[in-house]
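Shown next, in structure tokens, is the structure this report addresses.
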Amino acid sequence: DYFKSIKGWHTFEVVIFTMMGQLCDDYEGGYWEYCTLSNGGSFIYPDLNKEILTLFNPHNGNKAQMSCQAAGIAVCLMTFSIWSFKTESPVLVEYFYQLRDYALQHDECAAIFHLID
């Protein structure tokens, strides 16, 4: 339901999972939680047995430590952005801005935006 309107939606989740694996050495797969935001947005995050994950973004050289939920937000923001250009999907553009608004109010806002900026 979250991604069905996106071109290539059947592989979109796998892209998010793959991006997490590329950014986080501690990620080896697992169950993901799906979240719907009060503003209509959504995101997913890995439900791991670790309280803190270390992520490294090779595109900007930034490293950040954050919870699994914050890591999911960061990875979804990056993936929504990249795929919005790739698919020219207005839905992903809207999801990006809805999630960005949520991330700006998140307790780990500084770590999320440090990683993706």
message: So, residue 87, is that one of a type outside the set (A, V, I, L, M), touching a residue at least 12 places away in the same chain (Cβ under 8 Å) and open to solvent by less than 80 Å² (accessible area, probe 1.4 Å) or not?
response: yes
message: Out of the residues in region 74-89 meeting the condition of being more than 13 Å from the chain's Cα centre (by Cα) and assigned to a helix (DSSP H, G or I), tell me which one is nearest to residue 109 (Cα to Cα).
response: 84
query: Which pairs do you get when a residue that is open to solvent by 30 Å² or more (accessible area, probe 1.4 Å), found in region 98-117, comes within reach of a residue that is assigned to a loop (DSSP other than H, G, I, E, B), reach meaning Cβ atoms under 6 angstrom, with the pair 6+ apart or on two chains?
result: 102/37
- line: Quick count over region 90-109, residues being more than 18 Å from residue 45 (Cβ to Cβ) and either part of a loop (DSSP other than H, G, I, E, B) or modelled with pLDDT of 95 or more (or both), is 1
message: From the list 87, 79, exactly one residue is at pLDDT below 95 and closer than 13 Å to residue 42 by Cβ. Which is it?
response: 79
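The values are calculated or read from the model by the stated rules, or taken from the named source; none is laboratory data. This structure is a prediction, so every number in the text was calculated from the model and none was measured. Heads up, the Cβs are rebuilt from the backbone with ideal geometry, glycines too, and the neighbour counts pull from every protein chain shown. We work out accessible area using only protein heavy atoms, side chains counted, and drop any ligands, DNA or RNA first. Shrake-Rupley method; radii C 1.70, N 1.55, O 1.52, S 1.80 Å.
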